[in-house]
Amino acid sequence: MKLWPFKVTKGSEDKPMIVVTQEGKEKRFAAEDISSMVLSKMREVAEAYLGSTVKNAVITVPAYFNNSQRRATYKAGTTAGLNVMRIINEPTAAAIAYGLNKKTGWYSKRNVVIFDLGGGTLDVSLLSIGGDVFEVKATSGDTHLGGEDFDNKMVNYCVEEFKRKHQLDVSGNTRALMRIRNACEKAKKRLSFACSVDIEIDCLFSSTDFYITFTRDKFEHINMDLFNKCMEPVEKCLGDAKMDTSSVDDIVLIGGSSRIPRVQQLLQDVFKGKELCKGINREDAVAYCAAVQAAVLNGNGNGTGKLKDFTLMDVTPMSLGVRTERPNSNNMCVVIPRHTRIPIIKSKTFDTSKDNQISCVFDSFEGESETALENNLLGSFSLHDLPPAP
């Protein structure tokens, strides 16, 4: 929030609201309202291209999105006037795009790691692909780690340099910060193939120009802690799948930030020098798969044409469980462990906590903490008219 050029305020039920000025008036929007505007624009572009109306959609989300984030995404689609047919995970979508495009003639299963480092999130998934069956083994990630965080580090560095050189503090000036951010983002992209980049901003603040040279070494140094953090979900994903790096056949890179050379080097170090698959188009591979999935759901994937049908076996990214009404109980009882293949039905038996109890309240959570309140509350339900008994 400190680095954004817009304000965020608290709405009803602690919901964060984005404050912007539109047509001279201050307006407040929820995150899903902004998403629905983007989807509405995309729908217009698609309709203009096709010359017909678009009613249905398949939407992809980061694998580690929780239930409320997925529901907000679904709401954004419906607000945009779309019938959301399915929501699928982005790394899974990338694996399908890679599998259908590159390896359609596979006769044996291959284990594929999808490393998806985008602008705001990091997703890692491990899939086993055989023929047209895509089975998710494990998924991990960080919904608060991506290219914007690398930009933030560069922005902070530039603000401190400007203060040191000119004794001027621009940290409170949103316009100046936005100009620095735009310049830093362009410099970051160029540093993926250049050794150094000059940033020049005329009249940044108080009629003072700003000039700095960013080398690749400097960029890597200020972001090294974040680059190392990117490897943690990779190791966690392999551990959850109980798989060694030697069992992985392909490592597929997705997302613009996966172009950063240092990230690629660290990833190769994890997989002991194994070659990374960079051939797939990182920007549109996920959207390509969403379109394929939409065509299949629409009845166009019957195998008679170019489009092949496929089977997707996904998993739940987080454990699902309940907290019961026992005295002083705050433990979550897991009913469905994370990485359970979905759809799934599981049952668990609970006892009443006192004699002649006739009702019971269950709080439903998702997350990995043993303490229920540290997990994400999905909702509550109650059972009534239980037969009184010891």
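The values are calculated or read from the model by the stated rules, or taken from the named source; none is laboratory data. Every value quoted in this text rests on a predicted model; they were computed, and no experiment measured them. Cβ atoms come from the backbone with ideal geometry, glycine included; neighbour counts cover every protein chain shown. Heavy atoms of the whole protein, side chains included, go into the accessibility calculation; ligands, DNA and RNA do not. Shrake-Rupley method; radii C 1.70, N 1.55, O 1.52, S 1.80 Å.
For LYS236, a cut-off of 19 angstrom between C-alpha atoms picks up these lysines, skipping any fewer than 8 places away in its own chain: LYS137, LYS272, LYS274.
Helix 261-270 and the long axis of the chain differ in direction by around 40°, with both axes built from C-alpha atoms. For the chain, the longest principal axis of the alpha carbon atoms and the long axis of helix 31-50 meet at an angle near 80°.
Pull out the extension gain between LYS27 and ASP217, defined as 0.36 nm times the separation in residues minus the alpha carbon to alpha carbon distance; nm, one decimal.
Working: separation 190, 0.36 × 190 = 68.40 nm, distance 4.24 nm.
Full-extension gain reported as 64.2 nm.
Quick check: Cα centre of the stretch 356-378 to Cα centre of the stretch 46-78, how many Å? Centre-to-centre (Cα) distance: 30 Å. Across the stretch 129-181, the volume of the C-alpha convex hull divided among the residues equals 124 Å³ per residue. Annotation note: GluC sites (Glu not before Pro) in the stretch 1-45 located in DSSP loop regions with a Cβ neighbour count of at most 16 within 10 Å are GLU23.
Taken over the alpha carbons of the chain as equal point scatterers, the Debye sum produces base-10 log I(q)/I(0) values at 0.11, 0.14 Å⁻¹ of -0.98, -1.36.
With a/c under 1.5 counting as rounded, go ahead and sort the stretch 229-378 into rounded, prolate or oblate using the C-alpha gyration tensor (a ≥ b ≥ c being the square roots of the eigenvalues; past the cut-off, prolate if a/b is larger than b/c, else oblate). Oblate, since a/c reaches 1.5 and b/c is not below a/b.
Restrict the search to the stretch 183-259; then list the chymotrypsin sites (Phe, Trp or Tyr not before Pro) that DSSP places in a loop and that have at most 15 other Cβ atoms within 10 Å of their Cβ. Before the final figure, lay out each step's value.
Values: sites: PHE193, PHE205, PHE210, TYR211, PHE214, PHE219, PHE227; in loops: PHE193.
When the chymotrypsin sites (Phe, Trp or Tyr not before Pro) of the stretch 183-259 are filtered for loop state and at most 15 Cβ neighbours within 10 Å, PHE193 remain.
Over the chain, dividing the summed -39,500 (n - 2.57) contributions of all DSSP H runs of at least 4 residues by the number of residues returns a 222 nm mean residue ellipticity of -11000 deg cm²/dmol. Please give the helix 174-190 orientation as an angle from the longest Cα principal axis of the chain, in degrees from 0 to 90, rounded to the nearest 10. Between the helix axis and the principal axis of the chain, the angle is about 90 degrees. Length gained on full extension, PHE271 to LYS2: 93.2 nm, using 0.36 nm per residue less the C-alpha separation.
Label-to-label distance for SER206 and GLU44 is 4.3 nm, based on points extended 7 Å past Cα in the beta-carbon direction.
Taking all Cα pairs closer than 8 Å and separated by 6 or more residues, the relative contact order of the chain comes to 14 percent.
Could you pull out the pairs from LYS218/LYS278; LYS15/LYS218; LYS27/LYS189; LYS165/LYS186 whose alpha carbons sit more than 27 Å apart here? Walk me through the numbers before you get to the answer.
Working: LYS218/LYS278 25 Å; LYS15/LYS218 38 Å; LYS27/LYS189 33 Å; LYS165/LYS186 23 Å.
Listed pairs above 27 Å: LYS15/LYS218; LYS27/LYS189.
A convex hull fitted to the Cα coordinates of the stretch 62-173 yields 157 cubic angstrom per residue. Normalised per residue, the accessible area of the chain is 54 Å², obtained with a 1.4 Å probe and no contribution from ligands, DNA or RNA.
DSSP bridge analysis restricted to the chain gives an antiparallel fraction near 75%, rounded to the nearest 5. On a 19 Å Cα-Cα criterion, which of the cross-link pairs LYS153/LYS188; LYS2/LYS163; LYS109/LYS242; LYS242/LYS346 come out too long? Beyond 19 Å: LYS242/LYS346. For ARG164, the solvent-accessible surface computed with a 1.4 Å probe is close to 150 Å², ligands and nucleic acids excluded.
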